[in-house]
Structure formats: C-alpha cells, structure tokens
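Take a look at the structure below.
The values are calculated or read from the model by the stated rules, or taken from the named source; none is laboratory data. Since the model is a prediction, treat every value here as computed from it, not as a measurement. Backbone-built Cβ (ideal geometry, glycine too); neighbour counts: all protein chains shown.
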Amino acid sequence: MPKPPFPWRGWVAAGVVLAILVWSAQGTGASLKAFAEGVPQMLAYFQKLSPSHKPWPLDYLPEIKDRLLETVKISFAATVIGAALALPFVMVATRPLAANGFVYTLGRGFLNLIRTIPDLVLANILVAGFGLGPLPGLLALIIFTFGVVTKLLADTIETVDAGPMEAIAAAGGTRLQRAVFAIFPQIAPDYIAYSLYALEINVRVAAVLGLVGAGGIGQILYRDINFFMYSRVGMIIAATFVVVFLIDSTSSWLRSKLV
Amino acid sequence: MEQPAILFENVTKQFPNGHVALKNVSLSFKPGEFVVVVGLSGAGKSTLIRCVNRLVTPTSGRVSVAGVEMTGLNETGLRAARARIGMIFQNYNLVRRSSVLRNVLAGRLAHLPSWRTLLGNFPLADVELALRSLDRVGIMEKAYQRADTLSGGQQQRVAIARALAQQPTVLLADEPVASLDPPTAHQVMRDLKRLSREENLTTLVNLHFIDMAQEYADRIVGLRAGEVVFDGPVDGMSEGTFEEIYNRRIRPDDLRGTADLHLTDRAAGNGVLTSTAPDALENSTQETISAAH
C-alpha cells in the first residue's frame with residue numbers, strides 16, 4: 001500500500017497563520033485579561049444607554065427620523081448614481097471590451113487607486129472641499145459604490161461566456177454593440193446583485209459619515225456622544241439598528257432571489 | 001472568368017504559441033457552392049473558416065470574399081464586409097437570457113446605425129426580416145421566448161435565422177451539428193443545404209462526420225495538419241479517400257449514422273418527436289455502424 005505524502009503544506013500554512021496572530025496581538029496589546037476587564041465596562045455603558053436607566057426623550061424622535069431619512073437618502077442616491085456610472089466605465093476596465101491592452105491597464109489601475117482610499121478619509125477630504133453637510137457624504141459613497149460595482153462587474157465579465165460576443169463580432173458588430181447585446185444581458189442579474197450589495201454597505205457607512213461632518217444620523221450621534229447624552233445616544237443607536245436591519249435584510253432577500 | 005465567392009491565396013496561419021494551423025493554403029470557391037471541410041480535430045478546419053471573416057487574421061497570404069480582400073481591411077471596412085458573412089457555431093453562441101427575436105436581430109447590427117440598435121429601437125422592416133428568417137427555419141412562434149428555453153436543435157436554428165437576417169452572400173458553419181443528436185443534426189444540415197440553394201449562398205461547413213459530409217456536400221475539402229490534402233466533388237469519394245485525409249482507419253465515431261434519417265423523416269412527417277425517440281435512434285445508429293463493419 002502506498003503511503004499518503006506528508007501534508008506539509010497544511011502544516012506550514014497553519015504555522016504562518018499562528019505566527020501572524022501572535023505578532024498582531026502583540027502590536028495591539030490585545031490579551032484575554034484586557035478582554036475580561038473590558039466586557040463589564042462595556043455592559044455598564046450599555047446600561048446607561050438603555051431606557052431603564054433613564055426614560056428615552058421621545059420628543060427627540062422627529063430629529064432622529066429626519067437625520068435617518070437623510071442617511072437612507074444619501075445611501076440610495078449614491079448607490080443608484082455610482083452603479084449607473086459603473087456600466088460605461090466597465091468598458092475600459094475589462095479585457096474583452098477594452099479597446100486595447102493599454103486602455104485596460106489604465107482603467108484597472110484607476111479602479112484600484114479609487115478602492116484603496118478608505119471611505120472616511122475620502123469623506124473627510126470632500127468635506128474640506130464642499131463644506132459640512134450631506135453633499136460630501138453623497139459624493140464619497142458614489143465614488144465607493146462606483147469602485148466596488150465596477151470591480152465586481154469587470155471580474156464577472158471576464159468569466160462570462162465569450163461565444164455570443166464572437167457571434168456579434170462575426171456579424172460585424174461594434175465593440176459597444178458587443179457589450180450591449182452579448183455581455184450586458186448575461187451579467188444583468190449580477191449587476192443588480194452587486195448594486196444591492198453596495199447599498200447594504202452604503203447604509204452602514206452613511207450612518208457613520210456624520211463623524212467627519214458629512215451629514216446624516218452620524219452627525220447627531222457624534223454630537224450626543226461628545227455631550228454624554230446617553231439616553232439620546234441609546235435612542236439613535238436603536239433606531240439606526242432597526243433601519244439598517246430592515247434595508248439589509250430586504251436587500252439580501254432580493255439578492256438571494258436573483259442568483 | 002466568374003469572380004470567386006471566396007478566394008484563399010497562399011494563406012498561412014501561425015499562432016503566437018508557434019503552432020502552424022494553416023500551411024500555404026490556396027482555394028477558390030464558386031458562388032452558391034456547398035462545401036464541406038473535413039479533417040481530424042486540430043487539422044485547421046476552424047482556422048480556415050475563421051480566416052474568411054477574419055475572426056482569425058492570417059500570418060501571410062490573402063483571403064478575398066466577393067473580390068474584397070479581407071486581409072487588407074481596416075476596422076470599419078471589416079465590419080461592413082462581415083455584415084454580409086453569416087456564421088454558425090458549434091455551441092450556437094446565442095445570448096441565452098435574451099429573447100429569440102433579439103438574438104436574431106443581432107444579425108442586423110452591422111446594417112443599422114449604431115445608436116438605433118443600442119437603444120433597442122429596431123426599424124419595423126428589420127423586425128419583420130428577423131421574424132421571416134425565423135419562419136424559414138420553422139420556429140417563428142418561439143420569437144418572444146427566452147433563447148435558453150429552446151432545445152439544442154431549436155437554438156441552432158435560431159443561430160441560422162440570425163445569419164439569414166444578415167442577408168448574407170456567404171455562410172460559414174463551424175461544426176454546426178457536433179452538439180446535436182443524429183436526427184436533429186440531419187435536420188440542421190438539411191436546413192443549411194436548402195437555404196444555401198434558395199439564396200445561392202456560398203457555404204463552408206466544417207464537419208467531422210464523413211457520412212454527413214458525403215450526404216450533403218457538393219464539394220469536399222480535406223485538411224490534414226494545416227494542408228489541403230483533398231479537394232474535389234463528392235461523387236468520386238470513397239471511404240479510402242477519407243482514410244487518406246484522416247491518415248488512419250475510419251472508426252465508428254467518424255460516422256453520424258444514416259439509418260436514423262428515414263426515422264427522422266417519419267417522425268417529422270407525424271409532426272412529433274417523442275422524448276423516447278433519441279434513445280431508440282441512438283441504438284439503431286449503433287447497430288447500423290456495427291453492421292457496416
């Protein structure tokens with residue numbers, strides 16, 4: 001009977017992961033002791049936020065509603081605009097559709113550059129340019145959505161059945177016609193799924209965009225935290241949780257229907 | 001002398017990996033000829049056919065279609081030339097999620113201004129032409145179904161309708177029946193032959209099956225390792241000729257089988273093809289082949 005070879009690859013991989021874990025734990029000062037001490041403090045904080053500690057000020061609800069609505073509007077608008085921009089740009093960011101290798105490399109490079117900038121940094125820069133308010137938040141999320149949807153879409157297009165494209169090319173179709181007739185119908189469900197996925201992330205990010213003054217629920221959350229208004233903070237967190245949960249679960253349900 | 005519909009002059013194709021798919025091929029095809037190209041897989045059949053519409057660009061030599069030198073065309077000229085060259089593929093190459101009609105309308109793309117087609121706003125005359133093309137292959141009633149709801153044979157007929165909608169002068173078919181069961185394969189070949197006759201279409205068909213080649217071709221071109229080793233009318237051909245082209249004995253899988261043909265005719269006459277038919281047909285095919293040896 002032949003012996004199975006020693007699975008050295010698996011052991012090497014496990015060793016590397018363990019080494020990284022130890023190294024990063026040292027860097028962050030994380031330990032089980034710090035965790036054990038932190039949990040009660042966190043629970044105490046939650047206690048202060050809850051309405052049992054001090055009744056929630058219900059007259060604060062209208063402002064929460066307005067700001068949450070602003071957050072939701074920012075994320076919806078950003079998703080629609082960003083996803084719409086992705087469709088034409090994918091023409092230069094994918095090998096079968098780009099005019100040549102140079103255009104493709106340039107397109108991909110631009111895409112990677114956009115995606116390396118963290119959302120909050122982007123929002124911060126935009127606030128510096130456009131001032132406080134929802135506009136810089138909206139722009140930041142448009143750029144983020146555009147980056148994510150274009151990247152995912154480009155990757156999908158490179159795996160799509162090339163047969164129809166060949167047929168359209170053989171019939172004398174242009175590059176644009178190849179995209180619209182052979183590629184886009186094939187990726188339509190993926191496109192919608194990626195846009196919904198971007199929406200789910202956008203709603204969460206939009207909720208904290210206010211931290212850098214870019215509008216939405218985050219703005220009053222940040223203010224109330226700074227003024228130690230625990231009851232208000234509790235209310236904001238609860239309301240945000242409900243809204244994010246509703247949008248998130250509806251969106252993932254829709255996505256599950258698509259695939 | 002009449003101008004050739006398709007002319008190959010000393011065409012050689014070497015791929016970037018060094019493989020030489022065509023070696024100094026010279027061929028001339030008359031308008032309306034129905035030519036079957038045979039050869040083992042890898043003999044260069046596909047490359048030969050793709051050089052006609054320049055899906056493959058030859059390394060050297062010239063290919064002309066109706067006097068237009070394909071090898072010298074720029075992007076725009078190439079698209080205009082391709083507009084009149086229909087092509088059918090082994091895997092149909094339909095957009096599976098689009099409607100049958102939209103797939104057929106793809107044959108009109110090079111005949112119309114780009115912006116109109118991109119908005120999906122096809123002139124009524126083109127839609128009518130697409131529907132007539134579907135009618136000519138007998139599946140007009142499927143026009144508004146999604147392409148992937150059709151059977152393999154029906155999908156290949158949609159692909160034929162797409163080529164017809166181009167109003168072509170030349171029809172290329174790259175292994176059009178390789179993915180189909182024997183009765184459907186014969187139906188598709190009969191469709192191709194009939195349309196070629198009716199439209200005076202110069203037709204090049206790649207086939208692996210020698211019995212089908214003999215049954216439908218006016219003329220047979222045999223390729224071996226990128227070289228033309230046979231070119232002549234189908235009448236003079238014997239099994240020995242094919243063994244020379246293939247450079248080996250003929251095997252059962254080189255035949256599609258003919259016994260199923262009259263069965264198909266009978267089934268078609270009744271207007272039904274039951275789902276049990278293919279199995280029964282396949283058995284009878286095998287019997288025919290073993291009986292032939």
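Within region B:55-73, the set of residues being of a type outside the set (A, V, I, L, M, F, W, C) and within 13 Å of chain A (Cβ to nearest Cβ) comprises B:Thr57 only.
Applying the condition of being part of a loop (DSSP other than H, G, I, E, B) and small (Gly, Ala, Ser) to region A:1-32 and asking which residue is surrounded by the fewest Cβ atoms within 10 Å (Cβ to Cβ) yields A:Gly29.
Counting only helices (runs of 4 or more DSSP H) that sit wholly inside region A:153-259, those with at least 2 residues that are over 30 Å from B:Arg50 (Cα atoms) are A:184-209, A:217-226, A:230-258.
Taking the criterion of being more than 14 Å from chain B (Cβ to nearest Cβ) and over 26 Å from A:Ala128 (Cα atoms), would at least one residue in region A:218-229 satisfy it? Working first, answer last.
Applying the first criterion (more than 14 Å from chain B (Cβ to nearest Cβ)) to region A:218-229 yields A:218-229.
With over 26 Å from A:Ala128 (Cα atoms) added as a condition, the list becomes A:228-229.
Yes, region A:218-229 contains at least one residue that is more than 14 Å from chain B (Cβ to nearest Cβ) and over 26 Å from A:Ala128 (Cα atoms).
Of all the numbered requirements in (1) under 30 Å from A:Val180 (Cα atoms); (2) not in a helix (DSSP H, G or I), A:Asn112 misses one, and that requirement is (2).
Taking strands (runs of 3 or more DSSP E) that do not extend beyond region B:1-98, which have at least 1 residues that are of a type in the set (D, E, K, R) and out of contact with any helix residue (DSSP H, G or I) (no Cβ under 6 Å at 6 or more places or on another chain)? Show your work before the answer.
Numbers: elements: B:6-14, B:20-29, B:34-38, B:60-65, B:85-88.
Hits in region B:1-98: B:6-14, B:20-29.
Taking region B:63-80, which residues are surrounded by 22 or more Cβ atoms within 10 Å (Cβ to Cβ) and either not assigned by TED's automatic domain parsing to the domain that holds B:Met189 or not β-branched (Val, Ile, Thr) (or both)?
The initial filter retains those residues of region B:63-80 that are surrounded by 22 or more Cβ atoms within 10 Å (Cβ to Cβ), namely B:63, B:65, B:70.
Within region B:63-80, just B:Met70 meets the criteria.
A:Ala99 fulfils the conditions (1) in contact (Cβ under 8 Å) with a residue 12 or more places away in the chain; (2) aliphatic (A, V, I, L, M); (3) surrounded by 13 or more Cβ atoms within 10 Å (Cβ to Cβ); (4) under 18 Å from A:Ala179 (Cβ atoms) except for a single criterion, (3).
Taking region B:86-99 on its own, how many of its residues are aliphatic (A, V, I, L, M), in contact with a strand residue (DSSP E or B) (Cβ under 7 Å, 6 or more places away or on another chain) and facing another protein chain (nearest Cβ under 7 Å)?
Within region B:86-99, the subset aliphatic (A, V, I, L, M) is B:87-88, B:94-95.
Filter once more, keeping what is in contact with a strand residue (DSSP E or B) (Cβ under 7 Å, 6 or more places away or on another chain): B:87-88.
Now restrict to residues that are facing another protein chain (nearest Cβ under 7 Å): B:87.
So the count comes out to 1.
Note on region B:177-276: enclosed helices (runs of 4 or more DSSP H) holding 3 or more residues that are at pLDDT 95 or above and within 24 Å of B:Ala66 (Cβ to Cβ) are B:182-199.
Residues in region B:161-181 that are in contact with a helix residue (DSSP H, G or I) (Cβ under 8 Å, 6 or more places away or on another chain) and of a type in the set (Val, Ile, Thr): B:Val170, B:Val177. Tallying residues that are surrounded by 14 or more Cβ atoms within 10 Å (Cβ to Cβ), hydrophobic (A, V, I, L, M, F, W, C) and part of a loop (DSSP other than H, G, I, E, B) within region B:107-163 yields 6. Apart from one condition, A:Ile217 fits all of (1) under 17 Å from the mean Cα position of the chain (by Cα); (2) within 30 Å of A:Pro57 (Cα to Cα); (3) buried (at least 24 other Cβ atoms within 10 Å of the Cβ); the exception is (1).
Examine region A:137-153 for a residue that is more than 14 Å from chain B (Cβ to nearest Cβ), among the charged types (D, E, K, R) and closer than 21 Å to A:Leu209 by Cβ, and state whether such a residue exists. Let's see the steps before the verdict.
Step one: list which residues in region A:137-153 are more than 14 Å from chain B (Cβ to nearest Cβ), which gives A:137-153.
Narrowing the set further to residues that are among the charged types (D, E, K, R) leaves A:151.
If we keep only those that are closer than 21 Å to A:Leu209 by Cβ as well, we get none.
Checked region A:137-153: no residue is more than 14 Å from chain B (Cβ to nearest Cβ), among the charged types (D, E, K, R) and closer than 21 Å to A:Leu209 by Cβ.
For region A:170-185, a residue qualifies if it is at the interface with chain B (Cβ under 7 Å from one of its Cβ atoms) and either surrounded by fewer than 24 Cβ atoms within 10 Å (Cβ to Cβ) or hydrophobic (A, V, I, L, M, F, W, C) (or both), and the qualifying residues are A:Ala170, A:Ala171, A:Gly172, A:Thr174, A:Leu176, A:Gln177, A:Val180, A:Phe181, A:Ala182, A:Pro185. The set of residues in region B:164-173 being part of a strand (DSSP E or B) and more than 21 Å from B:Val100 (Cβ to Cβ) consists of B:Val170, B:Leu172.
When region A:121-138 is filtered for residues that are surrounded by 16 or more Cβ atoms within 10 Å (Cβ to Cβ) and in contact (Cβ under 8 Å) with a residue 24 or more places away in the chain, the ones remaining, listed by number, are A:Ala123, A:Asn124, A:Leu126, A:Val127, A:Pro134, A:Leu135, A:Pro136, A:Gly137, A:Leu138.
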